[in-house]
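Here the structure comes first, spelled out in structure tokens, and everything after it is commentary.
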């Protein structure tokens, strides 16, 4: 068993090390800047995913509406996870429509739709991205494996390649999410806080 545990630890470490790649760093920076600008313009983000990726989307959301590292103003984020909506839409017209209907109901121009899918082939998320584009929203896609049918359709995308199963992909996604949130807080609150302190000191 120890050998298997060490292999899993090795695979997890490899997944996290992908964040050091230039394309990963560029994605994290661009996502943080895009979302920060969205919030500064008093717009919101809407998130969605299936299964474990939905849990990651929920975690992303609560770190923004709640707190991450320090107390600060709540940031507007909605995750499409309400059971009544999901079961109503899936029962009436099909599960492939659950997220696009949510985007149609809640999304506005210049909001951001963020989807998480380890395969890139989730039909409900594909339709949601298309709906977001119709509503002139920006789109960010966290993908895995080859990127699937969703490769290339988002304004910003990140693909975790080289892993057969979803767990390692989700671990990389979640680490990136935490770093993105940290950068958002720095961009919106803490750098601004430092500048205000400097301006105050100069005015004395």
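Out of 44, 20, which single residue is farther than 16 Å from residue 182 by Cα, modelled with pLDDT of 95 or more and either exposed (fewer than 13 other Cβ atoms within 10 Å of the Cβ) or out of contact with any strand residue (DSSP E or B) (no Cβ under 7 Å at 6 or more places or on another chain) (or both)? Lay out the reasoning, then the answer.
Values: 44 fails: either exposed (fewer than 13 other Cβ atoms within 10 Å of the Cβ) or out of contact with any strand residue (DSSP E or B) (no Cβ under 7 Å at 6 or more places or on another chain) (or both).
Unique residue meeting the criteria: 20.
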Selection count where residues are part of a loop (DSSP other than H, G, I, E, B) and either under 21 Å from residue 100 (Cα atoms) or under 18 Å from the mean Cα position of the chain (by Cα) (or both), scope region 70-82
6
So which residues in region 122-152 are touching a helix residue (DSSP H, G or I) at 6+ places or on another chain (Cβ under 8 Å) and either surrounded by fewer than 19 Cβ atoms within 10 Å (Cβ to Cβ) or more than 26 Å from residue 19 (Cα to Cα) (or both), if there are any at all?
123, 124, 127, 128, 130, 131, 132, 135, 137, 149
Listed by first then second residue, the pairs whose first member lies in region 84-110 and is on the phi < 0 side of the Ramachandran plot and free of Cβ contacts under 8 Å to residues at least 12 places away in the same chain, whose partner is part of a helix (DSSP H, G or I) and buried (at least 18 other Cβ atoms within 10 Å of the Cβ), with beta carbons under 7 Å and at least 6 positions apart or on separate chains, are 90/98
Of the residues in region 31-69, those that are more than 24 Å from residue 167 (Cα to Cα), assigned to a helix (DSSP H, G or I) and without any contact (Cβ under 8 Å) to a residue 24 or more places away in the chain come to 37, 65
Scanning region 83-114 for residues that are over 21 Å from residue 44 (Cα atoms) and in a loop (DSSP other than H, G, I, E, B) gives 93, 94
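Which residues, taken from region 108-121, are surrounded by fewer than 24 Cβ atoms within 10 Å (Cβ to Cβ) and touching a helix residue (DSSP H, G or I) at 6+ places or on another chain (Cβ under 9 Å)? Let's see the steps before the verdict.
Our first condition is that a residue be surrounded by fewer than 24 Cβ atoms within 10 Å (Cβ to Cβ); within region 108-121, this holds for 108-111, 119-121.
The answer is 110, 111, 119, 120, 121.
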Within region 17-24, identify whether any single residue is assigned to a helix (DSSP H, G or I), more than 30 Å from residue 133 (Cβ to Cβ) and touching a helix residue (DSSP H, G or I) at 6+ places or on another chain (Cβ under 8 Å), and answer yes or no.
no
Go through the residues of region 163-170 one by one and say whether even a single one is crowded, with 23+ Cβ neighbours inside 10 Å and either modelled with pLDDT of 95 or more or assigned to a loop (DSSP other than H, G, I, E, B) (or both).
yes
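The values are calculated or read from the model by the stated rules, or taken from the named source; none is laboratory data. This one's a predicted model, so the numbers in the text were calculated from it and none came from an experiment. Neighbour counts are summed over all protein chains in view; Cβ atoms, including those assigned to glycine, are modelled from backbone coordinates with ideal geometry.
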